[in-house]
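Notes follow once the structure below has been shown.
The values are calculated or read from the model by the stated rules, or taken from the named source; none is laboratory data. Everything numeric here is computed off the predicted structure, so don't read it as measured data. Using ideal geometry, Cβ is built from the backbone for each residue, glycine included, and neighbour counts are taken over all protein chains shown. Remember, those area values only see protein heavy atoms, side chains included, never the ligands or the DNA or RNA. Shrake-Rupley method; radii C 1.70, N 1.55, O 1.52, S 1.80 Å.
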Amino acid sequence: MDRRDALRRIAEIVGPEGIVPPTEAERYLVDERRLYRGSAALIVRPSTVDECSRILAICNRARLGVVPQGGNTGYCGGATPFDAERHVLVVMTRMNRIREIDPVGFTLTAEAGVVLADAQAEAAKHGLLFPLSMASEGSCRIGGNVATNAGGLAVLRYGTMRDLVLGLEVVLPSGDVLSELKGLRKDNTGYHLASVFVGSEGTLGLVTAAVLKLFPRPRSTETAWLAVSSPATAIALLGRARDESGDRVVSAEYVSRASLELVLRHIEGARDPLDRAHEHYLLLELASSDAPAALREKLERIVERAAEAGEIVDGVLAESGAQRDALWRLRETIPEAERREGGAVKHDVSVRISDVPRFLALAGAELDRIAPHRRSVYGHIGDGNLHYNLLPPQEDPFAEFRDRWGAKLSCAVHDAAARLGGSFSAEHGVGVLKIAELERYRSPQALAAMAALKRALDPNGIMNPGKVIPPAAFASRSA
Ligand SMILES: Cc1cc2nc3c(=O)[nH]c(=O)nc-3n(C[C@H](O)[C@H](O)[C@H](O)COP(=O)(O)OP(=O)(O)OC[C@H]3O[C@@H](n4cnc5c(N)ncnc54)[C@H](O)[C@@H]3O)c2cc1C
């Protein structure tokens, strides 16, 4: 089948409603961080699994590349197509049905295009919790969360998306539908195939639905904004909080003064919760099915003891839902504030939690050597993941800083993580942005195994060409 014929048949399959006209293409072709402006032969929005299956079968025969896209909030350009002749962008937003909720089995079955916040809301309607949570939850989609193995703000307690997926429905490059939506908690009948697709960033198949784990909804939540003397103290405090609360900590988010200042400068209504400025903060949240007063008592006791031990120098506990939201807003709007400030050289590293202070010392010393004037902004911490983002001094233009220092700074940050056995991409994936890092930091054995898997499932290389797998590792008939 030739290219034109294939594209015409795909257009017929989705019908006029499923085709994105060129006038509306921009939002799908430019990535979240505006690092890439892509192009595609066709942008389609299928509405059924059958349509997806027929589209992939045609692309496979005609050797057209298929680029899956959910909410297009990914940070590594993974959802951007790069070929105006041979790439078909498949946007999953019309496949947005919740197929089933099982309050006894604590599962929810959602199509790939369900917005994360809608999945959370559906669970909440039944008094349950779907715990994946991140600042992009109003736009990112379940299929994208699966494909990136999203992390977010509650990994400490509930794990990443991989821990929350019980099964998947995936359209394979051949067009065959692999349906593993049984929702079983135990099933050792050979390979756990769903796991292969979690974190595969659209390079192995098109995820069309997922069975997700739900949890009892906590009856009480307590949130504190604490000024701590150093990141190392934040980690000590986290250990104390986990221990003394009976492991009721859900989130532990580090916020540096530089981050807070960005938010105060750019985000309307944001205000410093404390009277005096401090260099380091920890946003700590506990949740449980304890009665609210009991959890509050636990948090107060933790804070009291930590203050006695010199771990906390100042702090405030949220007194209402509105105050809790205001504290979280200070953390969740950091990416937006960075963007309004002009941009940041972003990193998404992880090390063992106990190694975070060593990592900061190692990377900090190296960065001091390269660009002592930078500002460092970082988030997360409780799960060993640091968004270690670097900005120029306030008065300097970002583009100049990025062009002059960016590559060196990134290399120093990634090398420091690697020296401690850490990862250069904790939760944002590889996409097109970090392929060189993948080649540099993953072992030849790991790269060979990844390429073998890719070849086995997608021999014609139609799925998300040019993403994740380094071209040298997957030489041959790619689309
Ligand atoms: C403000 C902000 C905060 C964020 N915070 C976090 C955070 O805390 N933690 C975190 O992990 N990420 C975070 N992200 C990144 C992003 O939101 C996540 O990676 C999210 O999981 C991407 O979902 P999406 O639907 O937007 O996917 P997209 O950006 O559309 O796609 C991402 C990748 O998944 C593939 N893909 C998408 N849908 C499918 C499908 N159905 N089948 C197969 N492959 C598919 C794409 O091809 C691409 O490779 C944040 C982003 C923003 C803008």
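Just name the residue that is farthest from the ligand (Cβ to nearest atom) out of those in region 118-128 that are open to solvent by 30 Å² or more (accessible area, probe 1.4 Å) and either assigned to a helix (DSSP H, G or I) or within 24 Å of His428 (Cα to Cα) (or both).
Start the filter on region 118-128 by keeping residues that are open to solvent by 30 Å² or more (accessible area, probe 1.4 Å), which leaves 118, 120-122, 124-127.
Of the ones still in play, those that are also either assigned to a helix (DSSP H, G or I) or within 24 Å of His428 (Cα to Cα) (or both) are 118, 120-122, 124-125.
Working: Asp118: 12, Gln120: 14, Ala121: 17, Glu122: 17, Ala124: 20, Lys125: 22 Å.
Only one residue tops the list, namely Lys125.
Which of the residues spanning region 308-359 are among the basic types (Lys, Arg) and away from the ligand (no atom under 16 Å from the Cβ)?
Across region 308-359, the qualifying residues are Arg324, Arg352, Arg358.
Answer yes if at least one residue in region 451-464 is under 30 Å from Gly343 (Cβ atoms), surrounded by 15 or more Cβ atoms within 10 Å (Cβ to Cβ) and modelled with pLDDT of 95 or more, and no otherwise.
Taking every residue of region 451-464 in turn, at least one turns out to be under 30 Å from Gly343 (Cβ atoms), surrounded by 15 or more Cβ atoms within 10 Å (Cβ to Cβ) and modelled with pLDDT of 95 or more.
Report, by residue number, each residue of region 134-148 that is part of a loop (DSSP other than H, G, I, E, B), among the hydroxyl-bearing types (Ser, Thr, Tyr) and near the ligand (Cβ under 6 Å from one of its atoms).
Within region 134-148, Ser136 is the sole residue that qualifies.
Taking the condition among the small types (Gly, Ala, Ser) and under 15 Å from Gly246 (Cβ atoms), does Ser320 pass? Steps first, please.
Details: among the small types (Gly, Ala, Ser): yes; under 15 Å from Gly246 (Cβ atoms): no.
No, not satisfied.
Considering (1) assigned by TED's automatic domain parsing to the domain that holds Leu260; (2) more than 20 Å from Val249 (Cα to Cα), say which one Phe359 fails and leave the rest.
Single failed check for Phe359: (1).
Show the residue pairs meeting these rules: Cβ distance below 7 Å; 6+ apart or different chains; first residue within region 133-147 and touching a residue at least 24 places away in the same chain (Cβ under 8 Å) and in the same structural domain as Val170 (by TED's automatic domain parsing); second residue assigned to a helix (DSSP H, G or I) and near the ligand (Cβ under 6 Å from one of its atoms).
Ala135/Pro335
Out of the residues in region 61-85 that are among the β-branched types (Val, Ile, Thr) and within 7 Å of the ligand (Cβ to nearest atom), state the one that is surrounded by the most Cβ atoms within 10 Å (Cβ to Cβ).
So the residue we want is Val67.
Checking the condition out of contact with any Gly (no Cβ under 6 Å at 6 or more places or on another chain), open to solvent by less than 50 Å² (accessible area, probe 1.4 Å), assigned to a helix (DSSP H, G or I) and within 14 Å of the ligand (Cβ to nearest atom), which residue from Leu438, Leu447 passes? Please lay out each step first, then the result.
Values: Leu447 fails: within 14 Å of the ligand (Cβ to nearest atom).
Only one candidate passes the filter, namely Leu438.
With open to solvent by less than 20 Å² (accessible area, probe 1.4 Å), farther than 21 Å from Thr107 by Cβ, within 23 Å of the chain's Cα centre (by Cα) and more than 8 Å from the ligand (Cβ to nearest atom) as the only criterion, which of Val165, Val198, Val171 stands out?
Result: Val171 is the single residue among Val165, Val198, Val171 that is open to solvent by less than 20 Å² (accessible area, probe 1.4 Å), farther than 21 Å from Thr107 by Cβ, within 23 Å of the chain's Cα centre (by Cα) and more than 8 Å from the ligand (Cβ to nearest atom).
Evaluate region 418-430: report whether one residue or more is open to solvent by less than 40 Å² (accessible area, probe 1.4 Å), at pLDDT 95 or above, more than 16 Å from the ligand (Cβ to nearest atom) and among the hydroxyl-bearing types (Ser, Thr, Tyr).
Scanning region 418-430 turns up no residue that is open to solvent by less than 40 Å² (accessible area, probe 1.4 Å), at pLDDT 95 or above, more than 16 Å from the ligand (Cβ to nearest atom) and among the hydroxyl-bearing types (Ser, Thr, Tyr).
Taking strands (runs of 3 or more DSSP E) that do not extend beyond region 1-110, which have at least 2 residues that are in contact with a strand residue (DSSP E or B) (Cβ under 7 Å, 6 or more places away or on another chain) and more than 24 Å from Glu180 (Cα to Cα)?
Values: elements: 39-44, 65-69, 82-91, 98-102.
Qualifying strands (runs of 3 or more DSSP E): 39-44, 82-91.
Which count do you get for residues in region 30-60 that are farther than 30 Å from Glu336 by Cα, of a type in the set (A, V, I, L, M, F, W, C) and either crowded, with 24+ Cβ neighbours inside 10 Å or within 12 Å of the ligand (Cβ to nearest atom) (or both)?
5
Can you name the residue in region 149-161 that is among the aliphatic types (A, V, I, L, M) and assigned to a loop (DSSP other than H, G, I, E, B) and, of all such residues, is nearest to the ligand (Cβ to nearest atom)? Working first, answer last.
Taking region 149-161 first, the residues among the aliphatic types (A, V, I, L, M) are 150, 153-156, 161.
Pick out the ones that are also assigned to a loop (DSSP other than H, G, I, E, B) and you get 150, 153-154.
Working: Ala150: 4, Leu153: 6, Ala154: 10 Å.
Residue satisfying both the conditions and the ranking: Ala150.
Collect the residues in region 212-223 that are part of a strand (DSSP E or B) and of a type outside the set (Gly, Ala, Ser), keeping them in residue-number order.
Within region 212-223, Leu212, Lys213, Phe215, Pro216, Thr221, Glu222, Thr223 meet the criteria.
Which pairs have Cβ atoms under 7 Å, sit 6 or more apart or on different chains, and link a residue in region 201-214 that is under 16 Å from Ser179 (Cβ atoms) and touching a residue at least 12 places away in the same chain (Cβ under 8 Å) to one that is near the ligand (Cβ under 6 Å from one of its atoms) and not in a strand (DSSP E or B)?
Close Cβ pairs satisfying both conditions: Val207/Ala112; Val207/Gly143; Val207/Ala147; Thr208/Ala112; Ala209/Ala112.
Quick one: would you say Tyr378 is at pLDDT below 95, within 16 Å of the ligand (Cβ to nearest atom) and open to solvent by 10 Å² or more (accessible area, probe 1.4 Å)?
yes
Say whether the condition of being within 29 Å of Ser443 (Cα to Cα), surrounded by fewer than 16 Cβ atoms within 10 Å (Cβ to Cβ), in contact (Cβ under 8 Å) with a residue 24 or more places away in the chain and in contact with a helix residue (DSSP H, G or I) (Cβ under 8 Å, 6 or more places away or on another chain) is met by at least one residue in region 400-410.
The answer is yes, given that some residue of region 400-410 is within 29 Å of Ser443 (Cα to Cα), surrounded by fewer than 16 Cβ atoms within 10 Å (Cβ to Cβ), in contact (Cβ under 8 Å) with a residue 24 or more places away in the chain and in contact with a helix residue (DSSP H, G or I) (Cβ under 8 Å, 6 or more places away or on another chain).
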